[in-house]
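The block underneath contains the structure these notes are about, expressed in structure tokens.
The values are calculated or read from the model by the stated rules, or taken from the named source; none is laboratory data. Keep in mind that what you see is a predicted model, and the values were worked out from it rather than measured. No Cβ is skipped: glycine too gets one built from the backbone with ideal geometry, and neighbour counts run over all protein chains shown.
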């Protein structure tokens, strides 16, 4: 049974991991099965890597927008970030700006945030404000189960 | 189910007939469904290829990000 929702978002490290060449086939499957939202901090990490590779960054932005749903700055995003940040400031905590934008983007798009194993605990502080988060490793395990399920369906189909 | 008719030129008609035989498909609907499925798969392959990053370069940035975060 499918445990994952239709909408997912990636934090910066998990996005770089899933776009590694060795994960191309998994990414293809993810693009077929999910609506993928990319918060701006993840877009930035990806583009920094492209700069390192001397890519044409303007072209890379176009490509990213063709392939994924980039969560752009909007009034709603600014409001969500302020609400979340304000709630933490009341408790004497100032959240990291990148974490705040990533969490707010996932909450706003109602997507499950895939976070690097090292950071998943940090994102959990946003859970009481509506963030659903899963570690990258756990997410890949769930995707592998889905791949097996699909393979069984294909084996049963007539053509 | 209501059926619809589409028109194709002679060359395409011959090609699609051959494909139907090759796929052992029961109908042209099945052939077209298979073609659409393959097209989606090719499109996804192209998209994934476009956004793929060399492993070592991605690892370098991942390492920098993980070490720079508080």
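In region A:30-49, the qualifying residues are those that are surrounded by fewer than 18 Cβ atoms within 10 Å (Cβ to Cβ) and within 8 Å of another protein chain (Cβ to nearest Cβ), and the one that is nearest to residue B:54 (Cα to Cα) is A:48. In region A:130-150 there is no residue that is at pLDDT below 95 and more than 18 Å from residue A:5 (Cα to Cα). Scanning region A:2-23 for residues that are more than 7 Å from chain B (Cβ to nearest Cβ), crowded, with 19+ Cβ neighbours inside 10 Å and not in a helix (DSSP H, G or I) yields a count of 4.
The set of residues in region A:136-159 that are within 14 Å of chain B (Cβ to nearest Cβ) and in contact with a strand residue (DSSP E or B) (Cβ under 9 Å, 6 or more places away or on another chain) contains only A:136.
Checking each residue of region B:18-34 against the condition of being farther than 30 Å from residue A:33 by Cβ and out of contact with any helix residue (DSSP H, G or I) (no Cβ under 9 Å at 6 or more places or on another chain) gives at least one match. Kindly establish whether residue A:65 is part of a helix (DSSP H, G or I) and within 9 Å of another protein chain (Cβ to nearest Cβ). Here the answer is no, as residue A:65 does not meet what is asked. Criterion first (within 11 Å of chain A (Cβ to nearest Cβ), within 30 Å of residue A:49 (Cβ to Cβ), surrounded by 14 or more Cβ atoms within 10 Å (Cβ to Cβ) and out of contact with any strand residue (DSSP E or B) (no Cβ under 9 Å at 6 or more places or on another chain)) does residue B:31 satisfy it? The answer is no for residue B:31. For region A:106-133, name all the residues that are free of Cβ contacts under 8 Å to residues at least 40 places away in the same chain, away from chain B (no Cβ under 14 Å), surrounded by fewer than 17 Cβ atoms within 10 Å (Cβ to Cβ) and assigned to a loop (DSSP other than H, G, I, E, B). If the condition is that a residue be free of Cβ contacts under 8 Å to residues at least 40 places away in the same chain, away from chain B (no Cβ under 14 Å), surrounded by fewer than 17 Cβ atoms within 10 Å (Cβ to Cβ) and assigned to a loop (DSSP other than H, G, I, E, B), then A:130 is the only one that fits.
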